[in-house]
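Asker: Below are the structure tokens for one structure; questions will follow.
A short reminder: the numbers here are calculations on the coordinates, not readings from a lab. Note that the structure is a prediction, hence the values are computed from the model and not measured. Cβ atoms come from the backbone with ideal geometry, glycine included; neighbour counts cover every protein chain shown.
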Amino acid sequence: MTSTLFSGAECVGQSRAVEQLVVGKATSDGAGVKLTRVLTQSLQHRLDPFLMLDAFGSDNPDDYIAGFPDHPHRGFETVTYMIAGRMRHRDSAGHEGLLENGGVQWMTAGKGVVHSEIPQQEEGVMEGFQLWLNLPGKDKMCAPWYRDFAAADLPRFTSATGVVVTVIAGASQGVVGAVTREATAALYLDVHLPTGASFFQAIPAEHNAFVYVYRGEVSIAGRKVPAQRMAILDNSAQADGVSIEATAEARVLVIAGQPLNEPIVQYGPFVMNTQQEIYLALSDFRDGRMV
Ligand code: FE2
């Protein structure tokens, strides 16, 4: 089901519909950080090029204080978006940064990094997201890359209806994001909508896309999407994007990308194309070559 949407007299596009609503799975990772895994391994093919989305949020320090001590990654990118809180990042390539309220850390693990992510607070709220974005096979062994973006440095615009859009990756309504990626054409938006406001985002039909509601409630093509739900959007050839209407004041992530259509072999923090490459990653890590 799709619906044509109008803004005044102007047709702004045909929206994708919600194919499936997903409730995240409560789990823990690192040294015992409690989190919700919204995009799990079983959805990696459906949501190719995205491999994982974790949501974390707690005002109980016991849920986050231990952080993520030294651990490796190879073959993909991690994007950490801190809504509230402070976390220090250090890695084996010599990078170090402090991620604070509204900031984004983009790390391309490439051929491998060993890093830690440790909270810099003993009380208060820590809330945010970590998204894993796959790399095409030809780039999986690239040199690691890393950048921190403070909240004030992220491209942002406000629509005529008061919708505030932060463009972490890709582009929205002519505003180019902090990061752009050629192979995956990743789109990552944080959209804040006042009650009753609508927002339309263009998305090519072949790109896989989802919306995660982390505050309030929205409606997409007539389907209500409450907080803490991921709406997987269909790939209808007739749709040219997604229209999101806030039925209550809402904050949502809009994430989309071009599928890589390559084999995905994951073993914990390593995501490669073949089992052989996973064995190599394990031996490289064990023998200290992932630095
Ligand atoms: Fe990590």
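Asker: Using only the alpha-carbon atoms, how far is helix 275-286 inclined from the longest principal axis of the chain? Give it as 0 to 90 degrees, nearest 10.
Answerer: 50
Asker: Another question, then. Quick one: what do you get for segment 122-162 if you divide its Cα Rg by 2.2 N^0.38 Å?
Answerer: 1.84
Asker: Another question, if that's okay. Compute the length gained on full extension between ALA183 and THR158: take 0.36 nm times their separation in residues and subtract their Cα-Cα distance, giving the result in nm to one decimal.
Answerer: Extending this stretch completely gives an extra 6.2 nm.
Asker: Another one. R0 = 41 Å: FRET efficiency of GLN20 with GLU122, Cβ-based, nearest 0.05?
Answerer: Working from the Cβ atoms, E equals 0.55.
Asker: Could I ask something else about it? In straight Cα distance, which lysines are under 21 Å from LYS224, not counting same-chain residues fewer than 8 positions off?
Answerer: Counting by Cα, and skipping residues close in sequence, LYS224 has these lysines nearby: LYS25.
Asker: Let me ask something else about it. One-quarter of the Cα convex hull surface for the chain, in nm²?
Answerer: 14.2
Asker: For segment 166-291, just say rounded, prolate or oblate: build the C-alpha gyration tensor, square-root its eigenvalues into a ≥ b ≥ c, call rounded for a/c under 1.5, and beyond that prolate if a/b exceeds b/c, oblate if not.
Answerer: Prolate.
Asker: Here's another thing I want to ask about it. For the chain, what does -39500 (n - 2.57) per DSSP helix run (n ≥ 4), summed and divided by total residues, give at 222 nm, in deg cm²/dmol to the nearest 500?
Answerer: Computed mean residue ellipticity for the chain: -1500 deg cm²/dmol.
Asker: Over what distance in Å are the Cα centres of segment 214-291 and segment 44-93 separated?
Answerer: With segment 214-291 and segment 44-93 each reduced to a Cα centre, they are spaced 14 Å.
Asker: To make sure I understand, if each residue's beta carbon is the centre and we count other beta carbons within 10 Å, what order do VAL265, VAL225, VAL218 fall in, fewest to most?
Answerer: Lowest to highest Cβ neighbour count: VAL265, VAL225, VAL218.
Asker: Based on the mean of other beta carbon atoms within 10 Å per residue, what is the order of 153-160, 65-72, most packed first?
Answerer: 65-72, 153-160
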